[in-house]
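Okay, structure first, notes after.
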Amino acid sequence: MKTLRLVYFEGCPNAKLAEQRLREAGIEFEKICQDSLPDDSPYKKYSSPTLLMEEAIVFGASTGTDGGCSIDMPDVLELKKRLMVLGSK
């Protein structure tokens with residue numbers, strides 16, 4: 001399977017929910033905390049939380065600037081569906 005990365009910042013109200021849904025779905029992922037990244041890291045330019053499959057956004061957004069919050073939180077079934085679609089590409 002392709003690499004999944006959950007990008008978030010500490011204190012993000014939706015980050016724990018995103019992590020919980022990924023675990024409920026039985027999906028392995030790498031956590032990337034924006035707080036500990038250098039300012040020039042490309043992961044600083046995503047809303048929190050954002051789930052990436054390689055470079056494709058599963059949920060969240062690329063902001064082009066520092067961070068922000070994601071409010072589009074898919075439920076477990078929608079999350080699995082999005083991953084299946086992106087994984088087949």
ask   = Pairing the Cα long axis of helix 76-87 with the longest principal axis of the chain, what angle in degrees results, from 0 to 90 and rounded to the nearest 10?
value = 90 degrees
note = Sorted largest first, the C-alpha extents of the chain along its principal axes in whole angstrom are 33, 26, 19
request  = Among DSSP beta bridges lying fully in the chain, give the percent that are antiparallel, nearest 5.
outcome  = 60 percent
note = Longest principal axis of the chain (C-alpha) makes with the long axis of helix 15-24 (C-alpha) an angle, in degrees to the nearest 10, of 20 degrees
request  = Run down the aspartates and glutamates and flag those whose C-alpha is under 12 Å from the C-alpha of residue 2, throwing out any fewer than 8 positions away in its chain.
outcome  = 28, 30, 54, 55
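Cβ neighbours within 10 Å, averaged per peptide: list 41-54, 7-20 in order, most packed at the top.
Averaged packing, sorted descending, gives the order 41-54, 7-20.
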inquiry  = Just want to confirm a number: the relative contact order over the chain, from Cα pairs under 8 angstrom separated by 6+ residues, in percent.
reply    = 32 percent
inquiry  = Run the simple label-point estimate for residue 65 and residue 30 please: 7 Å along Cα→C-beta, distance reported in nm.
reply    = 2.9 nm
request  = Can you pull the one-decimal nm distance between simple spin-label points at residue 41 and residue 23, each 7 Å off the Cα toward Cβ?
outcome  = 2.1 nm
message = Which one, 71, 3, 25, is farthest towards the positive end of the dipole of the chain when Lys and Arg carry +1 and Asp and Glu -1 on their Cβ?
response = 25
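We did not get these values from a lab; they are worked out from the coordinates using the rules stated. Given the structure is predicted, the values throughout are model-derived calculations rather than measurements. All Cβ positions, glycine included, derive from the backbone under ideal geometry; neighbour counts span all protein chains shown.
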